[in-house]
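The values are calculated or read from the model by the stated rules, or taken from the named source; none is laboratory data. The structure displayed is predicted, hence computed values, not measured ones. Every residue, glycine among them, receives a Cβ derived from its backbone with ideal geometry; neighbour counts consider all protein chains shown. For accessibility, only protein heavy atoms count, side chains too; no ligands or nucleic acids. Shrake-Rupley method; radii C 1.70, N 1.55, O 1.52, S 1.80 Å.
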Amino acid sequence: MNNYIIKPMGDMYMEEVTADDIRLALVPMSKKSAGLYNTVNMLIKCIFYSAERSQLLQHNPCVGISSKGGKPIQKKEALTDQQVKVLLDTVKGLPPQLFVMIGLYSGLRREEALALQWDCVFLDAPTPYISVRRAWRTEHNRPVISTTLKTKAARRDIPIPKCLADYLREVKETSASEYVISDSNGEPLSASQFQRVWQYVVVRSTQARNYYKYVNGQSIKYTVTPALGMTQKNNPKIQYTLDFHVTPHLLRHTYITNLLYSGVDPKTVQYLAGHENSKTTMDIYAKVKYNKPEELFAVVNGAFHQAFSS
């Protein structure tokens, strides 16, 4: 597959570009005229939609970016307990299993998980924990590991549950690398390598897929939506088991949400998640705690009972 440099993204390879990179590139335009912003936004989208149509990309990072401010169309919900079970059953024994387990049970960001080394995994401590001290990024598809974290708050020690500690012990026994997640040579993953690992999840989902064929010189778009339980036509070993959308970030969001559902106070969650300020934590907290009408009924009814009874 050809890999093209996208200069507006800071000389990044096309396959490395994420939705966040595009939004950051559009920030300077948003401070100028709406017309200029819309023009640049359209040009960037044209580049990536053309690349998708030409099958140069497996994932189009422009999907979900609106023409008004570049905000996501819809916030994703955390995975339910049943969805977590299905996901874990799906990836069991496959390359993404380790990343999925770390995301679900420690809440590490992608760049934190891919930079994690065994010297920061304390499995023999009275309370097993992971120490976040390094971050991963890529330059021209090559991994770069540094001690510069996203924020000061990202430097933290995270206690891990027994299920993750036991799994990491199994992985460590056969690991020949200093990195917890590594390629066959023991090196940290590149951007394209991680995409290939995550593709094991994507190809097992029932989300619609777009294909393009040339008929009589015209490009015709076909949309195929696999049915749950069916197997892939060209590879019967791949079964469609995920009828919900999963992203790497959703694993972390599920971890944070589950802490809040379990009654962990927001300040502790803020520390465990590595949030720089409480706003992000409290936004999730408010949604988790207060978006339950059936549980709030008694509170509201009690608050106004006295007024109506007097």
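Things to note:
- Selection status of LEU149, out of contact with any Gly (no Cβ under 7 Å at 6 or more places or on another chain), in a loop (DSSP other than H, G, I, E, B), open to solvent by less than 90 Å² (accessible area, probe 1.4 Å) and not acidic (Asp, Glu): yes
- Condition met for VAL269 (at negative phi and open to solvent by 20 Å² or more (accessible area, probe 1.4 Å)): no
- Filtered residues of the stretch 178-192 (kept if part of a loop (DSSP other than H, G, I, E, B), polar (S, T, N, Q) and open to solvent by less than 30 Å² (accessible area, probe 1.4 Å)): SER190
- Filter result for SER182 (out of contact with any Gly (no Cβ under 9 Å at 6 or more places or on another chain), within 30 Å of LYS279 (Cβ to Cβ) and free of Cβ contacts under 8 Å to residues at least 40 places away in the same chain): no
- Neighbours by Cβ (under 7 Å, 6+ apart or cross-chain): first from the stretch 154-170, hydroxyl-bearing (Ser, Thr, Tyr); second surrounded by 12 or more Cβ atoms within 10 Å (Cβ to Cβ): TYR167/MET101
- Every pair of residues 6+ apart whose Cβ atoms lie under 6 Å, when the first sits in the stretch 247-274 and is closer than 30 Å to GLN207 by Cα and touching a residue at least 24 places away in the same chain (Cβ under 8 Å) while the second is assigned to a helix (DSSP H, G or I) and hydroxyl-bearing (Ser, Thr, Tyr): LEU260/TYR285
- In the stretch 238-262, residue surrounded by the most Cβ atoms within 10 Å (Cβ to Cβ) [restricted to those that are among the polar types (S, T, N, Q) and assigned to a helix (DSSP H, G or I)]: THR254
- Test result for ALA51, touching a helix residue (DSSP H, G or I) at 6+ places or on another chain (Cβ under 7 Å) and either surrounded by 20 or more Cβ atoms within 10 Å (Cβ to Cβ) or modelled with pLDDT under 95 (or both): yes
- Counted residues, the stretch 263-284 - those being at pLDDT 80 or above, in a helix (DSSP H, G or I) and more than 17 Å from ALA154 (Cβ to Cβ): 2
- Among the residues making up the stretch 196-233, those that are polar (S, T, N, Q), out of contact with any strand residue (DSSP E or B) (no Cβ under 6 Å at 6 or more places or on another chain) and within 24 Å of PRO248 (Cα to Cα) are GLN199, THR206, GLN207, THR225.
- Residue match in the stretch 165-173 (condition: open to solvent by less than 70 Å² (accessible area, probe 1.4 Å) and assigned to a loop (DSSP other than H, G, I, E, B)): no
- Boolean, LYS287 is in a strand (DSSP E or B) and either open to solvent by 70 Å² or more (accessible area, probe 1.4 Å) or modelled with pLDDT of 90 or more (or both): no
- Yes/no for LEU56 being open to solvent by 100 Å² or more (accessible area, probe 1.4 Å), hydrophobic (A, V, I, L, M, F, W, C) and modelled with pLDDT of 70 or more: no
- If you filter the stretch 73-119 down to residues that are at pLDDT 95 or above and β-branched (Val, Ile, Thr), you find that the one that is surrounded by the most Cβ atoms within 10 Å (Cβ to Cβ) is ILE102.
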